[in-house]
1. Of all residues being hydroxyl-bearing (Ser, Thr, Tyr) and within 23 Å of Thr443 (Cβ to Cβ) in the range 358-415, which is surrounded by the fewest Cβ atoms within 10 Å (Cβ to Cβ)? Just the residue, please.
2. Just wondering, is there one or more residues in the range 23-41 that are in the same structural domain as Lys97 (by TED's automatic domain parsing), under 30 Å from Lys412 (Cβ atoms) and at pLDDT 95 or above?
3. Just to be sure before I move on: is Lys400 outside the structural domain of Ile55 (by TED's automatic domain parsing), in contact (Cβ under 8 Å) with a residue 60 or more places away in the chain and under 16 Å from Tyr358 (Cβ atoms) in the structure I sent?
4. Looking at the structure I just gave you, is Leu405 touching a residue at least 60 places away in the same chain (Cβ under 8 Å) and within 24 Å of Leu217 (Cα to Cα)?
5. For the range 408-434, which residues satisfy the criterion of being of a type in the set (Val, Ile, Thr) and under 21 Å from the mean Cα position of the chain (by Cα)?
6. Output the helices (runs of 4 or more DSSP H) that fall wholly within the range 1-116 and possess 2 or more residues being in contact (Cβ under 8 Å) with a residue 24 or more places away in the chain, surrounded by fewer than 20 Cβ atoms within 10 Å (Cβ to Cβ) and under 21 Å from the mean Cα position of the chain (by Cα), or say none.
7. Where residues in the range 302-332 are of a type in the set (A, V, I, L, M, F, W, C) and under 19 Å from Ile49 (Cβ atoms), which of them is surrounded by the most Cβ atoms within 10 Å (Cβ to Cβ)?
8. For the range 264-288, give me each residue that is assigned to a strand (DSSP E or B) and surrounded by 13 or more Cβ atoms within 10 Å (Cβ to Cβ).
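The values are calculated or read from the model by the stated rules, or taken from the named source; none is laboratory data. Not measured: the values here are computed from a predicted model. Methodologically, a virtual Cβ is constructed for each residue, glycine included, from the backbone with ideal geometry; neighbour enumeration extends over all protein chains shown.
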Amino acid sequence: MTDYNYDLLIIGSGPGGYVAAIRASQLGMKTAVIEKESPGGVCLNWGCIPSKSLISQAQKFTYLKDLVKIGVRIDASALDYEKVYKKSRLAATKLSKGVEFLLKKNSIELIKGTAEISNKHEITVGKEKYTAGNILIATGSRPKVIPGLEFDEEGILSSTGALSLKSLPKSILIVGAGAIGVEFAYILSSFGVQVHLVEMLDSILPLEDKDVSDVLLKAFKKNKVKVYTSTKASISDKQKNAYKIKLEHKDGEIEDVETEKILVAVGRTPNSENLGLEELGIKTDKGFIETGDYYETSVPGIYAIGDVINTPFLAHVASKEGEIAVEHMAGKEDEKRIDPTLIPGAVYTEPQVASFGYTEVKAKEAGLPVKVFAFPYRGAGKAVAVEEPEGLVKFVCHEKTREILGAHIAGKNATELIHEVLLARKAELLPEDIATMIHAHPTLSEAVMEAARGILEQAIHF
């Protein structure tokens, strides 16, 4: 590697790229990151971070209703959504600068510009050429476009356009009820926007266990979000300040709705073009770069991680993949790939949704004998005391061995609670290990304990 400028060149500074760079530096590799925009990638600048800022502010706004119930007089008529937007941008900017600081702290060079891989050991950025023993592609993804609903970021929005709103529309139709779609449904409905949420499959959050998605569905209906499942949406007419949209239901029924804006949230497309992959013989499938063990491509020494490969579109997945790849480059080969059953999913609506592993349906489809138990939040004293009784903790276990196959939580702080069960699963513990561990009272984590007890048919508060 001494003949090259660097041991490792990384294209992209998102959660995959910058984490991989820092880990590589810790392992003694001379590393540089090439980034054409701001450090931190889509997640930090136009995804996870600004959206969570908006969610936090939406949550605080909804709490005003609780203050009214105890006699506080509230006048929310002066809400200035542009200030909400500016807070989200401030959070993104702070953390982007934080990533830049971390790169400098770890002696990682940040090269600004657009990268093209010239050969297996060389990257061209503008007129400059850089060489490295290894190359890591972490270029991420962008919102997926569907015909007839192409983004103009004025009336028809991508998630980026929705994060850029400085004023609220009176109404919006959201196409796609996956994690991105439901999070925006929560944000906008919390601030008083009439939301129509359309999903082609038969439930919102279709990849989640039906029991937990039904908890969120109930909350949405309570907050007057209009939800349409097993439904296709298409524009039938565009007027000056509104769209007429045709909704075609599974049973053939046609319904028309009118909204001021449309948000399309039907997935993401990998950023794999214009990198020079074809010339190098690197294989792709529908835009996704194909990788083998340690996320190495068909060209030795070139690796790919994150949204540009066909693994879950999650920041924490990209980060872990980056660590696995650079540890392999450094001669450490402990873990070949992420175990998909150990990946936590998190949806930051209210109530929150979190999960890992098999759903009840998927476990049965795989031919596994299962035993399930769902403990309701309202059985935990803390949930009732803080007026957050809607939710459940569900365990999916092997009927004979009681091995934890999956867990699914909907409710307050679900995205934090899931990790206790995930740690137990990773450590190959059983439900009784959780059930017999003392949990502080009153806490929401007692619902996790009770769900574990339920698998053993020993639940106390059920």
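1. Residues of the range 358-415 that are hydroxyl-bearing (Ser, Thr, Tyr), as a first pass: 358-359, 377, 401, 415.
Okay, now just the ones that are also within 23 Å of Thr443 (Cβ to Cβ), so 377, 415.
Values: Tyr377: 23, Thr415: 17.
Going through the qualifying residues, I end up with Thr415.
2. From the range 23-41, those in the same structural domain as Lys97 (by TED's automatic domain parsing) are 23-41; that's our starting set.
This time we only want the ones that are under 30 Å from Lys412 (Cβ atoms), so: 40-41.
Adding the requirement that they be at pLDDT 95 or above leaves 40.
Looking for residues that are in the same structural domain as Lys97 (by TED's automatic domain parsing), under 30 Å from Lys412 (Cβ atoms) and at pLDDT 95 or above, one finds at least one in the range 23-41, hence yes.
3. Working: outside the structural domain of Ile55 (by TED's automatic domain parsing): yes; in contact (Cβ under 8 Å) with a residue 60 or more places away in the chain: no; under 16 Å from Tyr358 (Cβ atoms): yes.
No, not satisfied.
4. Values: touching a residue at least 60 places away in the same chain (Cβ under 8 Å): yes; within 24 Å of Leu217 (Cα to Cα): no.
No, not satisfied.
5. In the first step, residues of the range 408-434 are kept if they are of a type in the set (Val, Ile, Thr); the result is 409, 415, 418, 421, 434.
Ile409, Thr415, Ile418, Val421 - these are the residues of the range 408-434 that are of a type in the set (Val, Ile, Thr) and under 21 Å from the mean Cα position of the chain (by Cα).
6. Details: elements: 15-26, 41-46, 48-69, 81-105.
Counting at least 2 such residues, we get 48-69, 81-105.
7. From the range 302-332, those of a type in the set (A, V, I, L, M, F, W, C) are 302, 304-305, 308-309, 313-315, 317-318, 324-326, 329-330; that's our starting set.
Keeping just the survivors that are under 19 Å from Ile49 (Cβ atoms) gives 313-315, 317-318.
Numbers: Phe313: 19, Leu314: 19, Ala315: 21, Val317: 22, Ala318: 29.
That would be Ala318.
8. Step one: of the range 264-288, the residues assigned to a strand (DSSP E or B) are 264, 268-270, 284-285, 288.
Residues satisfying the conditions are Val264, Arg268, Thr269, Pro270, Thr284, Phe288.
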